[in-house]
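S.K.: This structure is in structure tokens; I'll ask about it shortly.
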Amino acid sequence: MHTHALSPILDIKRSQKVLEVFDNIFTAKYTNLLHAKLDFKKEDENDLRRIKRLLDTLEPHNVDYTAFFRLLSRYNGTKTKLLALSTDKKPLLEWLDDYDRRMAKEKVNIEMQDTCYRSKIHLKELYT
């Protein structure tokens, strides 16, 4: 890279450590951003793989990221408009099917939490 040009004025080992820290921070922030864009409320062990698969699907087929995420924000299970963005529909369809399963799992978890919360409130009302 260009590190040799700056080597007389930079401490290379320190610069490499700074870049490693930056990489970790950037990856964490970018992952959080994509979690929000994908409307993931809770983390799932497969989310990083899911995000990587999405990006690997969008990029080679020249899918406009802004258009994709805008449509995904209004996604209701109808895949037609999202699939129309891609030149190769099969990988995107497979990703959307996985996304549907992920969102259904999250919805169940949120509904269970909501039910537990309402039960706690009800019990509190009974005993206060």
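The values are calculated or read from the model by the stated rules, or taken from the named source; none is laboratory data. If you're wondering where the values come from, they're calculated on a predicted model, not measured in any experiment. All Cβ positions, even for glycine, are placed from backbone atoms using ideal geometry, and neighbour counts span all protein chains on display.
Here is a yes/no grid of residues against (1) among the small types (Gly, Ala, Ser); (2) buried (at least 16 other Cβ atoms within 10 Å of the Cβ):
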{"residue": "53", "(1), (2)": "no, yes"}
{"residue": "58", "(1), (2)": "no, yes"}
{"residue": "65", "(1), (2)": "no, no"}
{"residue": "73", "(1), (2)": "yes, no"}
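S.K.: Related question: If the requirement is being closer than 19 Å to residue 99 by Cα, of a type in the set (Val, Ile, Thr) and not assigned by TED's automatic domain parsing to the domain that holds residue 97, which of these qualifies: 31, 57, 66, 27? Spell out the reasoning first.
M.R.: Working: 57 fails: not assigned by TED's automatic domain parsing to the domain that holds residue 97; 66 fails: not assigned by TED's automatic domain parsing to the domain that holds residue 97; 27 fails: closer than 19 Å to residue 99 by Cα.
31 is the lone residue from the list that is closer than 19 Å to residue 99 by Cα, of a type in the set (Val, Ile, Thr) and not assigned by TED's automatic domain parsing to the domain that holds residue 97.
S.K.: Pairs please, first residue from region 14-42 and farther than 24 Å from residue 71 by Cβ, second anywhere and assigned to a helix (DSSP H, G or I) and among the basic types (Lys, Arg), Cβ atoms under 6 Å, 6+ apart in sequence or on different chains.
M.R.: Every condition considered, no pair remains.
S.K.: If you scan region 76-97, which residues turn out to be surrounded by fewer than 17 Cβ atoms within 10 Å (Cβ to Cβ) and either touching a His at 6+ places or on another chain (Cβ under 6 Å) or part of a helix (DSSP H, G or I) (or both)?
M.R.: Those that are surrounded by fewer than 17 Cβ atoms within 10 Å (Cβ to Cβ) and either touching a His at 6+ places or on another chain (Cβ under 6 Å) or part of a helix (DSSP H, G or I) (or both): 80, 81, 83, 84, 87, 88, 89, 90, 91, 93, 94, 97.
S.K.: List the residue pairs whose Cβ atoms are under 7 Å apart, where the first residue sits in region 49-62 and is under 11 Å from residue 94 (Cβ atoms), the second is aliphatic (A, V, I, L, M), and the two are 6 or more positions apart or on different chains.
M.R.: 57/92
S.K.: Just for region 1-37: of the residues that are at pLDDT below 75 and surrounded by 10 or more Cβ atoms within 10 Å (Cβ to Cβ), which one is nearest to the chain's Cα centre (by Cα)?
M.R.: The initial filter retains those residues of region 1-37 that are at pLDDT below 75, namely 1-10.
Narrowing further to those that are surrounded by 10 or more Cβ atoms within 10 Å (Cβ to Cβ): 3, 6-7, 10.
Details: 3: 33, 6: 36, 7: 37, 10: 36 Å.
The residue in question is 3.
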